[in-house]
1. Which condition number in (1) modelled with pLDDT of 95 or more; (2) within 14 Å of another protein chain (Cβ to nearest Cβ) is the one that residue A:102 fails?
2. Going by what's in this entry, would residue B:377 be described as in contact with a helix residue (DSSP H, G or I) (Cβ under 9 Å, 6 or more places away or on another chain), surrounded by 16 or more Cβ atoms within 10 Å (Cβ to Cβ) and farther than 27 Å from residue B:304 by Cβ?
3. May I ask you to verify whether residue B:570 is modelled with pLDDT of 95 or more and assigned by TED's automatic domain parsing to the domain that holds residue B:347?
4. Would you confirm whether any residue within the range A:71-86 is in contact with a strand residue (DSSP E or B) (Cβ under 8 Å, 6 or more places away or on another chain) and within 8 Å of chain B (Cβ to nearest Cβ)?
5. Only one of B:550, B:544, B:593 is in contact with a helix residue (DSSP H, G or I) (Cβ under 7 Å, 6 or more places away or on another chain) and surrounded by fewer than 18 Cβ atoms within 10 Å (Cβ to Cβ). Can you tell me which?
6. State yes or no: is residue B:521 assigned by TED's automatic domain parsing to the domain that holds residue B:546 and crowded, with 24+ Cβ neighbours inside 10 Å?
7. From the list B:406, B:380, exactly one residue is under 24 Å from residue B:345 (Cα atoms), touching a residue at least 24 places away in the same chain (Cβ under 8 Å) and touching a strand residue (DSSP E or B) at 6+ places or on another chain (Cβ under 7 Å). Which is it?
8. Tell me which of these residue B:476 doesn't satisfy, since it passes every other one: (1) at negative phi; (2) crowded, with 24+ Cβ neighbours inside 10 Å.
């Protein structure tokens with residue numbers, strides 16, 4: 001069975017504490033609920049969630065949508081945003097989890113990556129070093145979400161194929177974002193992009209989300 | 001009771017502290033600073049603004065679903081203590097009830113009350129001894145005297161202490177006689193369910209699929225000898241089709257959704273929250289039940305039917321019998337689900353003048369918007385090209401070279417001449433198709449990449465001596481293979497799929513790279529003299545992907561024989577007409593294989609003998 005691996009990198013630095021994090025959790029819950037209604041996703045989607053603050057945690061290793069149960073996601077009081085380190089962990093996990101085609105077996109579909117952050121990478125140098133590695137890790141599409149006023153889209157543009165911004169960090173915004181993610185993922189399972197074909201078109205975003213060109 | 005009223009009146013999400021600790025103490029234990037830090041900081045700032053709170057007590061502390069304080073709630077309740085708790089937390093009277101006291105004294109009393117709250121949070125008490133309401137104040141651990149050192153420590157942290165109360169935690173522990181700081185649990189503790197019961201996630205189920213979980217075997221209940229299966233009971237919440245007996249949750253769920261089931265444990269007795277758990281069960285819908293079958297838009301540009309069948313018959317080799325060719329193409333579930341078009345296509349022809357069968361299949365790229373037209377054009381133009389050969393005599397000359405090669409297969413130069421000629425024709429046909437698509441793209445203000453398609457072409461020629469000659473040309477994925485050869489090699493893969501590291505990565509007719517050099521073209525062409533065969537297949541990846549788990553399997557004739565073994569009986573049932581056989585093939589293509597819902601297309605050439613001999617045994 002060919003799998004569609006989807007990686008979700010979530011900022012859990014101190015500034016996400018409280019309502020933003022609760023809204024993100026609600027959003028993910030809604031996203032999973034939506035995906036469970038999609039037969040493609042139910043059969044082939046595998047999801048991994050990696051959180052980053054001063055620590056990087058793989059709170060959910062790559063798990064099938066059918067079997068997955070939402071992990072506990074928490075925020076520290078305060079502290080740095082180690083996005084660079086998170087990308088490093090991501091590359092290791094993709095290398096060990098995503099199956100490539102060989103003579104003996106079918107590979108997975110190209111993975112999708114969603115990164116959500118409300119701040120600026122604290123480990124900027126590592127972050128910049130990681131960008132080319134992530135770009136060459138085989139992702140069919142990399143989508144970054146700059147949430148709230150402090151996130152800088154310029155930092156995310158070199159990493160992502162598509163940057164979206166969320167002006168407010170309330171429940172509506174995040175739920176809309178994750179609903180859009182699930183629509184994008186569903187589009188990915190329906191038309192898993194061929195390597196030489198253009199990446200699948202993203203569905204139009206809801207009004208809370210702004211696409212950055 | 002008053003605490004509950006205060007909570008419900010305000011309709012705020014969250015749980016009062018005592019109730020939260022019933023299930024959430026582990027959350028605190030995992031991150032001690034999370035509850036203590038903000039509370040201490042809040043009270044410090046409150047005091048620094050020149051006020052006393054007067055109601056620092058569990059009944060005035062609300063914890064949000066994620067495990068954070070609702071500090072707004074706490075702030076609004078300054079000066080309105082919970083009457084039941086007042087005696088415990090403000091034994092000498094609270095701030096609001098003693099307004100004549102000096103601010104400093106009232107703040108001291110807040111600090112003592114805070115110490116009691118910190119004490120409660122740090123020590124936690126066995127769930128069985130905690131109740132939602134403070135019933136017997138005298139017996140309650142909180143009613144006991146505080147070690148002065150502990151209050152002093154809280155005081156110090158509040159006055160001038162470190163920003164991070166975690167550093168004070170060890171000191172507090174010692175002052176309270178708690179030896180070890182609470183250790184984070186080894187596994188992440190799930191959040192409490194809405195009812196405040198400790199929640200236990202069960203493995204997910206699927207609608208219509210048998211489910212069985214032995215509750216006492218779950219990690220959450222491990223080690224609780226008294227919590228044996230016999231006394232476990234559940235109330236309500238089970239999805240239809242599941243039943244619970246003797247610790248065993250079994251059955252086949254007939255409902256999908258998220259279910260919360262209250263489990264009563266025998267050991268703790270009664271209806272106390274300690275003896276109950278909230279089982280969380282997710283039942284996924286069955287994917288089969290979710291597939292929609294929406295018609296494609298007949299008015300759209302390049303509209304085409306969702307299925308197609310073709311057939312023809314022609315002469316066998318050596319003048320014996322007839323060759324039957326059938327073909328079927330079916331829109332995949334992934335396209336049917338969204339009302340999309342079938343992107344596959346097929347073609348077949350017999351050219352008596354030149355003596356060639358021309359068979360084609362093509363698979364438009366899923367991500368290209370007009371790929372259906374790409375596939376259709378590829379098949380149509382290639383068929384037209386080889387049809388023209390008949391007119392100008394080139395087909396006949398190709399047939400002659402083929403005869404010569406078959407009679408003298410060891411003559412390498414003759415083989416080379418033949419191969420070169422085949423390459424030239426295949427390349428010319430493919431480039432003609434590409435140019436035609438370029439024109440179509442221009443006419444429709446689209447790009448060539450909007451028409452991305454793969455292409456497999458097989459030329460088949462009956463030789464005079466009873467043998468067959470086959471030449472295959474392929475760009476992209478899918479496969480062509482022949483089986484039922486007499487002799488040691490029972491089958492032959494005629495194509496080499498273009499595939500990448502990931503699924504779905506392939507090359508298209510519409511990409512320059514596919515025919516960039518003579519070597520690239522030659523690598524796409526294979527030819528073979530077949531002493532005889534039962535069946536020759538051309539399939540798109542909608543068929544080959546679910547049937548062949550790897551390139552190795554694709555190259556193994558045994559897999560193709562199994563495929564033939566599955567199809568042959570269906571064709572035997574419909575042997576009265578090739579049209580009925582093509583319909584039977586189309587019907588067979590509905591087979592279900594998880595994760596494989598692409599369009600499926602097959603062209604199948606069957607020698608006169610193939611339907612009269614029994615199918616090979618299925619492995």
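1. So residue A:102 meets the others, but not (1).
2. no
3. no
4. yes
5. It is B:593.
6. no
7. B:380
8. (1) is the only condition that residue B:476 fails.
The values are calculated or read from the model by the stated rules, or taken from the named source; none is laboratory data. These numbers were taken from a predicted model, which means no experiment stands behind them. Neighbour counts are summed over all protein chains in view; Cβ atoms, including those assigned to glycine, are modelled from backbone coordinates with ideal geometry.
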